[in-house]
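Report on the structure given below.
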Amino acid sequence: MKMKRLFGALMAGALALSMVACTGNGGTTTPATTEEKKPETTVEATTETTEPAETVEETTEPAETTSDQISLSMWCIATESDSNRASYEKAIAEMAENHPEINFTWEAFENQSYKTKIKAAVQANELPDIFFTWSCAFLGDFVAADKVYCLDEVYENYKDELPEVMLGNTTYNGKHYGVPLTMNIVGLFANMDLLAQVGYDEIPGTYDEFIECCDALKAAGIIPFGCAGKETWCVTEYLESVIEKSIGADALNDVFVNGATWNNQGIADAVDTFQGLVNNGYFDPSGVGLTNDEVKNNFIAGKYAFYMNGTWNCADFAKEEGLNVKVSEFPVINADQAKLGQLIGGPSDTLAVAASSPNAAVAADYAMELGKLICHYGYLDGCGLPAWTPYGDTSEINPLTQAVAEICANADTYVLFGDTAMSADDANTYLSYVDLVYGCQVDGKGFIEGLSSDIR
Amino acid sequence: MKKTDTKAVIKQESVTEKAPKPVAQVFIWIFLIFWTLLNLFPIYFMFTFSLKSNAEIFGENIIGLPKEWLWSNYSTAMNTGKMWLYFLNSILVTVAAIAISIMAGMMATYAITRIKWKMSKLTNAFFMLGLTIPIQASIVPVYVILSKASKVPGLNMIFGLNRYTTLIIPYAAFSLSMAILICTGFMTEIPFDLDEAATIDGCGFFRTFFKIILPLMKPAVSTVGIYSFLQCWNEFMFANVFISDSVHRTLPVGIKELSGQHTTNWGPIGAALVIATFPTLIAYLFLSKKIQASFIAGAVKG
Amino acid sequence: MKNVKKWFAIIVFLLPGLLLFIGILIAPIAVSAYRSLFDWDGFTEGTFIWFKNYKELFTSKSIMFGNALKNSLILAFFSVFVQLPIALGLALLLGRKIKGEKFFLSIFFMPVLISTVVIGQLWLKIYNPDYGLINQLLDLLHLENLKHVWVAEVEPIGIFKNVPFLKNIPIALGSIIVPTIWQYVGYHMLLMYAGVKGVSTDLREAAMLDGATAGQIDRYIVIPTIKPIIRVSVIFAVTGSLKTYDLVRILTNGGPFQKTQVPSTLLEDMLFLRNRYGMGSTISVMLILLCFAFALVITAVFRERDK
């Protein structure tokens, strides 16, 4: 009985407390809102520019403040656990030094949930001044809705440092809308210790040797490939490479980006080739039920000989002691149509400026400079390859990233990841067909027929 | 398969219980202990998970005790972002949302159950509609409403984006239907003579509510509290979309900060989840008698 | 005069609730209902297309709404016919003044309090094809042929092969159903336990004196008395199943081949992955209508039985 009364009192207390807390909250936010109404900051910007008093950690506000302070805000996905975090921090610190007149605030969100968040923000017209986005279709939808500020004017000042070819994925109707950061390609990672067990000290260079190597591995009881079937993008890393090395980069690019028909016998044959690899038992049969985290850990633990995935893994693999990894590109399957130097990947991580920003022109300039620095530091940290012309001392970069840089230096054509290149709806239709291919539910013929009828 | 077994066991129990046959008793106890272990296991799993490295979590040692007790996972979790602040924010938002939904729910219930008018049944059914609405469907429309509100001078002082109220008000709204459902049960139990006596004494509706009804509704407070707590504490969707500054961020979104785009260290995530869950569990154990009593009260009345 | 006062009171008392409810729940749904008539990506203008989204929803082979709906109905079926009986059994058992009653009650409710992320991770470890507990156990028992890649297989579950309604449940769906049911047994058990405790002891004792067994007391006295609670539980179980989301996302993410999608995950995919805001709105309207319809049907069924 006593207990009951005590609890009642507790609850009542909590209730009262919460009321106080509520009004207390109202009270603390009041000064902020009145400040927001000061003439120098425009009203639209107020919701994102956080109250100066409260932005303790994330603000890199310089000591000296002038009366013409401009507030800029940015959203990105460089959470504290993300490998890009350090490069963002260094770049932003440097920007704060160079631009004391700008009061810059930034917030980082988790990758998957950010996709929901940014789309909802576009729909509600609540974008921050600068935001992280993925290139091609993801940004393209926002551009089509007139939500993104055009960077053509600003780009003139950065032409020398940022080759125009790097802007291909963020150019719509001939206009530039994005600042590329680092770029990544699909790499064929190989566990050299496992390869040595079957007598290879290099990754086989031709497709026939490659298949021989896989057979030898299989015979030795080593699983050649690990691939996470629960995350279909991981399957595309394999499938797209096989298709590209069969029909050539230009043909694949036409299908992904330029609206060429999926009804292409070459693609059907390539899909059958890929399925042949699956049916030959080169892939871990458990893979269909695994996430990429699990597969990647299996590779690190020495369960697979090969792992095809983005080159963002370089830094992680280089860090693992006792893991002897090399990286190369997938061998050419059909030399009549494809050749080495045709890669899957390209600049995808991008910064963009909101058209609704009251200081869009300033933000655009800021985003360019910031992008350059993030790219620079990101490259030094081994998070990816630079979209901007690299500068400074790059000899300390981990050997895997350097190997990738070499591959890219000899690159001929890039085809962006299919699910990034296609519009959101098409990309998911495509992914569901890739899923069916990996599960051997459709063959190459079914794949091209299904896609040509379901897409466009 | 497990399920059918247990079902069979229960059935057998219920038939043979009367004459307490030792065999039946043994079966009951084996089953109860088995089910207890099944329900305690996740807690053990969560705790050991939080002290392991990725290598152990993914394959080396999934259910054993950690080979190396990585307490550093906890400091990583706590030093990422402003985890303590997120924790406090979560408490603040949850408690405030519960308080508002209780108050609004009780008032609405009073109007529905204790004042006689034609449309009261219909109004009640209208509120019950809320039990069926999926949270995903309302994200963007609510976001637009909040965004519009934050541009109205005056209104934006209490309501808009990036405030505590941004979450408190939607959470309270989504808990409201359940609150009314529960309060209706409690309130119809209170004898109607009380109202009549109060009216004769010259009390109006308001004094009757505040002086007579409200004090009798205390048990409802904790009942509604539990249901609303279950709804608000782990809510992720709204918190992710509506809050864009880390100052007002809540725990479920904060925990997500621990995963990176391409690499995720799961140990600290486990640690953060322990930090998010254990206080609830401990509070629950301490208050479990009372909480169960009121949960039960909700059920009986509901 | 009195009437004016009364209506004034009604309005004041309802106002906070109605404001919250209409502003945050009803208005958005009204917007969704309106948007469901558009072919709209959420960003640009959108075209008004009447009910074409609804038609596409039920006819399109690539959206597979019918399959998603079927999955959630299967889940509802198991929830009502497996989860609730277990919960009822536990509630009746604990209602008999067993030793450690309160202890068991507390423990059995715990999974409800634990974040679904943890529950999901735990079951992923249980299901893992290589080192997962189930497959390791099967290895130990030399039942290798029963091993599966649990969360990723579409083959029908063996033991249901000859049951008409259940014969096509993919293994992957089964692997979602088990943890979902397990997690919320405690929730329903506690609801029902409340009812069981509400049955007057006099009635029990009287029946006992008449020589009724505990089973008979449960069957003829307790269960009929707690019928209203069972009804509430059934409604929660069915509407809850229609709205399932978390564990599906974590365990299978709708795969393999979209076979384990449920309406909520499909809805989210449409809204935020495929940029088909109009279609997403259509799904949410359908979901609300279905939940409401089921609640009405269940209420009607219980009323019919009472007669």
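The values are calculated or read from the model by the stated rules, or taken from the named source; none is laboratory data. As the structure is a computational prediction, the values presented were derived from the model and not from experiment. Note: ideal-geometry Cβ built from the backbone for every residue, glycine included; neighbour counts use all protein chains shown.
Some values worked out for this structure:
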read-out: Considering residues of the range C:36-56 that are buried (at least 21 other Cβ atoms within 10 Å of the Cβ) and at pLDDT below 90 only, the residue nearest to the other protein chains (Cβ to nearest Cβ); value: C:G42
read-out: In the range B:62-98, residue surrounded by the fewest Cβ atoms within 10 Å (Cβ to Cβ) [restricted to those that are over 22 Å from A:E107 (Cα atoms) and among the charged types (D, E, K, R)]; value: B:E68
read-out: Residue in the range C:277-295 that is more than 16 Å from the chain's Cα centre (by Cα), closer than 30 Å to C:S62 by Cβ and away from chain B (no Cβ under 11 Å) present; value: yes
read-out: Total residues in the range C:127-176, condition under 24 Å from B:T264 (Cβ atoms), hydrophobic (A, V, I, L, M, F, W, C) and surrounded by fewer than 22 Cβ atoms within 10 Å (Cβ to Cβ); value: 1
read-out: Where C:I98 falls short, out of the listed (1) more than 7 Å from chain B (Cβ to nearest Cβ); (2) touching a helix residue (DSSP H, G or I) at 6+ places or on another chain (Cβ under 9 Å); (3) assigned to a helix (DSSP H, G or I); value: (3)
read-out: Close pairs from the range C:180-192: first facing chain B (nearest Cβ under 9 Å), partner among the aliphatic types (A, V, I, L, M) and not in a helix (DSSP H, G or I), Cβ under 7 Å, at least 6 apart; value: C:M192/C:I226
read-out: From A:G378, A:G384, A:G450, A:G418, residue being of a type outside the set (A, V, I, L, M) and more than 13 Å from every other protein chain (Cβ to nearest Cβ); value: A:G418
read-out: From C:S241, C:S264, residue being within 11 Å of chain B (Cβ to nearest Cβ), within 21 Å of C:K70 (Cα to Cα), part of a helix (DSSP H, G or I) and under 19 Å from the mean Cα position of the chain (by Cα); value: C:S264
read-out: Residue that is farthest from the other protein chains (Cβ to nearest Cβ), among those in the range B:150-172 that are of a type in the set (A, V, I, L, M, F, W, C) and surrounded by 20 or more Cβ atoms within 10 Å (Cβ to Cβ); value: B:L167
read-out: Within the range A:209-300, helices (runs of 4 or more DSSP H) holding 2 or more residues that are polar (S, T, N, Q) and in contact with a helix residue (DSSP H, G or I) (Cβ under 7 Å, 6 or more places away or on another chain); value: A:232-247, A:265-279, A:292-300
read-out: Of all residues making up the range A:320-360, the number that are more than 24 Å from A:G310 (Cβ to Cβ) and in contact with a Phe, Trp or Tyr (Cβ under 8 Å, 6 or more places away or on another chain); value: 5
read-out: Any hit, the range B:99-116, residues being at positive phi and either touching a helix residue (DSSP H, G or I) at 6+ places or on another chain (Cβ under 7 Å) or not assigned by TED's automatic domain parsing to the domain that holds B:L251 (or both); value: no
read-out: Members of the range B:233-252 that are more than 18 Å from A:M74 (Cβ to Cβ) and either of a type in the set (A, V, I, L, M, F, W, C) or free of Cβ contacts under 8 Å to residues at least 60 places away in the same chain (or both); value: B:W233, B:N234, B:F236, B:M237, B:F238, B:A239, B:F242, B:L251
read-out: Residue in the range A:192-203 that is within 29 Å of the chain's Cα centre (by Cα) and either among the hydrophobic types (A, V, I, L, M, F, W, C) or at negative phi (or both) present; value: yes
read-out: Residue that is nearest to the chain's Cα centre (by Cα) [pool: residues in the range A:321-334 that are modelled with pLDDT of 90 or more and of a type in the set (A, V, I, L, M)]; value: A:V327
read-out: Considering residues of the range B:227-242 that are surrounded by 24 or more Cβ atoms within 10 Å (Cβ to Cβ) and out of contact with any Pro (no Cβ under 8 Å at 6 or more places or on another chain) only, the residue farthest from A:E110 (Cα to Cα); value: B:S228
read-out: Single unsatisfied condition, B:S175 versus (1) at the interface with another protein chain (Cβ under 7 Å from one of its Cβ atoms); (2) modelled with pLDDT of 85 or more; value: (1)
read-out: Index of the failed condition, C:L296 passing every other in (1) within 16 Å of C:L242 (Cβ to Cβ); (2) in contact with a Leu (Cβ under 7 Å, 6 or more places away or on another chain); value: (2)
read-out: All positions within the range A:271-329 that are within 14 Å of chain C (Cβ to nearest Cβ), surrounded by fewer than 19 Cβ atoms within 10 Å (Cβ to Cβ) and of a type in the set (A, V, I, L, M); value: A:A301
read-out: Filter pass, C:S60 being modelled with pLDDT under 90 and more than 9 Å from every other protein chain (Cβ to nearest Cβ); value: yes
read-out: Any hit, the range A:128-137, residues being outside any helix (DSSP H, G or I), within 22 Å of the chain's Cα centre (by Cα), more than 10 Å from chain B (Cβ to nearest Cβ) and on the phi > 0 side of the Ramachandran plot; value: yes
read-out: Filtered residues of the range A:405-456 (kept if in contact with a strand residue (DSSP E or B) (Cβ under 7 Å, 6 or more places away or on another chain) and in a loop (DSSP other than H, G, I, E, B)); value: A:A411, A:D412, A:L416, A:F417
read-out: C:A68 being in contact (Cβ under 8 Å) with a residue 60 or more places away in the chain, touching a Leu at 6+ places or on another chain (Cβ under 7 Å) and crowded, with 22+ Cβ neighbours inside 10 Å; value: yes
